[in-house]
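K.L.:
Here it is: the structure, laid out below.
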Amino acid sequence: CRTQADIAFLLDGSGSVDAEDFDRMKTFVKNLITSFLGRDVKFAITQFSSRTITHFYFNQLNIYSNWQNQIDRIRQLTGGTYTAAAIRNVV
């Protein structure tokens, strides 16, 4: 029985998050994706601060080619913390 899931990550890239903690968030994302490899699961990654940026939509993150490097290249936006706007954007 195959189970399909779409998992969206919303990363807080605001200035209130230390750079080290932002890196921890990316490590968490990579570890969770690793746990789903080989299953019918798609991932999206969005980051927010004063603005919201979707780095990868569900069909864009290529889990078969350098996907960890793709996540490592996400840079923290800094700026304000507009959580509600980010949630509305992702929904």
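The values are calculated or read from the model by the stated rules, or taken from the named source; none is laboratory data. It should be emphasised that the depicted structure is a prediction, and the values quoted were computed from it without experimental measurement. Cβ atoms come from the backbone with ideal geometry, glycine included; neighbour counts cover every protein chain shown. Accessible surface areas use protein heavy atoms only, side chains included; no ligands, DNA or RNA. Shrake-Rupley method; radii C 1.70, N 1.55, O 1.52, S 1.80 Å.
K.L.:
Looking at segment 14-22, can you tell me whether even one residue there is open to solvent by less than 30 Å² (accessible area, probe 1.4 Å) and in contact with a His (Cβ under 7 Å, 6 or more places away or on another chain)?
P.N.:
no
K.L.:
Within segment 38-49, how many residues turn out to be touching a helix residue (DSSP H, G or I) at 6+ places or on another chain (Cβ under 9 Å) and either more than 23 Å from Ala85 (Cα to Cα) or open to solvent by 60 Å² or more (accessible area, probe 1.4 Å) (or both)?
P.N.:
The qualifying residues number 1.
K.L.:
While we're looking at this one, here's another question. Among (1) in contact (Cβ under 8 Å) with a residue 40 or more places away in the chain; (2) within 11 Å of the chain's Cα centre (by Cα), there is one condition Ile7 misses while meeting the rest; what is its number?
P.N.:
Every condition holds for Ile7 apart from (1).
K.L.:
Mind checking whether some residue in segment 74-83 is in contact with a strand residue (DSSP E or B) (Cβ under 8 Å, 6 or more places away or on another chain), modelled with pLDDT of 95 or more, among the β-branched types (Val, Ile, Thr) and within 12 Å of Phe9 (Cα to Cα)?
P.N.:
no
K.L.:
Now for a separate question. Would you confirm whether any residue within segment 23-46 is outside any loop (DSSP other than H, G, I, E, B), in contact with a Gly (Cβ under 7 Å, 6 or more places away or on another chain) and modelled with pLDDT of 90 or more?
P.N.:
Checking segment 23-46: not a single residue is outside any loop (DSSP other than H, G, I, E, B), in contact with a Gly (Cβ under 7 Å, 6 or more places away or on another chain) and modelled with pLDDT of 90 or more.
Conditions (1) over 19 Å from Gln4 (Cβ atoms); (2) in contact (Cβ under 8 Å) with a residue 60 or more places away in the chain, marked per residue:
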residue	(1), (2)
Lys26	yes, no
Ile45	no, no
Phe58	no, no
Asn69	yes, no
Asp72	yes, no
Leu77	yes, yes
Thr81	yes, yes
Ala85	yes, no
